Ligand SMILES: Nc1ncnc2c1ncn2[C@@H]1O[C@H](COP(=O)(O)OP(=O)(O)OP(=O)(O)O)[C@@H](O)[C@H]1O
Ligand SMILES: [Mg+2]
């Protein structure tokens, strides 16, 4: 099982939109896909209605975990109510032991993460193979990547044997005629080079509307000629980066 986390602390950067589309993309390609919706907002769980619910992710953080019957597209949701926040070391230990028990049943696991740092994000970064980072080209957008690189460093030092592979940063909600954003995009490219996805996701209402309707943009019942190609290009590049 290959595990891909979508993470950035900044709220509203596009984590859920990207995680859901990646999960649909993989599942529609015939892979067995597990989603961990680790955000208590449970936005991904609301969107991925065609994934079978495995209920709360809480058992994954407990000692007596029994792997469930495993449907080919399945989702665990964060229905926890802060019960491990005061004693998260044990929860992380249990998660480290339990998560691999799911690895024979799935080809891919996609982890959607909450905004703001917590031990839950530590858990996601601890177990993922690859990390996708959405960035909004607005005020503070690119700055938020600094926090993430500090977090990655901490998790690499304290929680992993091998460093997290960063699949890349992807610029999201790019407005084609916003010169300021395009300048920021160039600046980011000059700064991080290949770590920036060559493709970016434009600002298109279809992505929101499709996710709200519980379908990927390629199954959205609208004229998606403008919104589909950039999403496809992004997902193809993501898969290429994850495989390489
Ligand atoms: N490329 C896009 N074009 C238009 N709207 C978008 C795009 N990407 C995301 N959105 C919208 O922006 C909002 C935030 O996106 P999303 O929920 O994916 O971000 P998030 O990082 O998961 O947020 P949170 O930090 O709250 O979990 C949502 O309403 C979403 O539909
Ligand atoms: Mg989200």
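No lab work stands behind these numbers, since they all come straight from the coordinates. Bear in mind that the values here come from a model prediction, so they are computed numbers and not experimental data. When we count neighbours, we look across all protein chains shown, and the Cβ atoms used for this are built from the backbone with ideal geometry, even at glycine.
Could you list, in sequence order, all residues of the range 61-85 that are within 18 Å of residue 108 (Cα to Cα) and either within 18 Å of the chain's Cα centre (by Cα) or touching a residue at least 60 places away in the same chain (Cβ under 8 Å) (or both)? Result: 73, 74, 75, 76, 77. Summed over the range 11-43, the residues that are more than 7 Å from ligand 1 (Cβ to nearest atom), buried (at least 19 other Cβ atoms within 10 Å of the Cβ) and under 23 Å from residue 80 (Cα atoms) give a count of 9.
Scanning the range 8-42 for residues that are within 11 Å of ligand 2 (Cβ to nearest atom), within 25 Å of residue 228 (Cβ to Cβ) and in contact with a strand residue (DSSP E or B) (Cβ under 7 Å, 6 or more places away or on another chain) gives 8, 13, 14, 15, 16, 18, 19, 37.
Residue-by-condition table, conditions (1) more than 16 Å from ligand 2 (Cβ to nearest atom); (2) surrounded by 16 or more Cβ atoms within 10 Å (Cβ to Cβ); (3) closer than 18 Å to residue 231 by Cα:
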| residue | (1), (2), (3) |
| --- | --- |
| 146 | yes, no, no |
| 149 | yes, no, no |
| 159 | yes, no, no |
| 181 | yes, yes, no |
| 196 | yes, yes, yes |
| 204 | yes, yes, yes |
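Among the candidates 102, 60, 48, 92, the residue that is within 16 Å of ligand 1 (Cβ to nearest atom) and touching a helix residue (DSSP H, G or I) at 6+ places or on another chain (Cβ under 9 Å) is uniquely 48. Evaluate the following for residue 170: is it within 13 Å of residue 9 (Cβ to Cβ), in a strand (DSSP E or B) and in contact with a strand residue (DSSP E or B) (Cβ under 9 Å, 6 or more places away or on another chain)? Considered against the rule, which asks whether it is within 13 Å of residue 9 (Cβ to Cβ), in a strand (DSSP E or B) and in contact with a strand residue (DSSP E or B) (Cβ under 9 Å, 6 or more places away or on another chain), residue 170 comes out as no. Where helices (runs of 4 or more DSSP H) sit wholly within the range 176-244, those with at least 2 residues that are touching a residue at least 24 places away in the same chain (Cβ under 8 Å), in contact with a strand residue (DSSP E or B) (Cβ under 8 Å, 6 or more places away or on another chain) and within 16 Å of ligand 1 (Cβ to nearest atom) occupy 179-192, 228-243.
If only residues of the range 66-78 that are surrounded by 13 or more Cβ atoms within 10 Å (Cβ to Cβ) and more than 26 Å from residue 133 (Cβ to Cβ) are counted, the one that is farthest from ligand 1 (Cβ to nearest atom) is 67.
Listed here are the strands (runs of 3 or more DSSP E) enclosed by the range 60-144 that have at least 2 residues being more than 16 Å from ligand 2 (Cβ to nearest atom): 73-77, 108-112.
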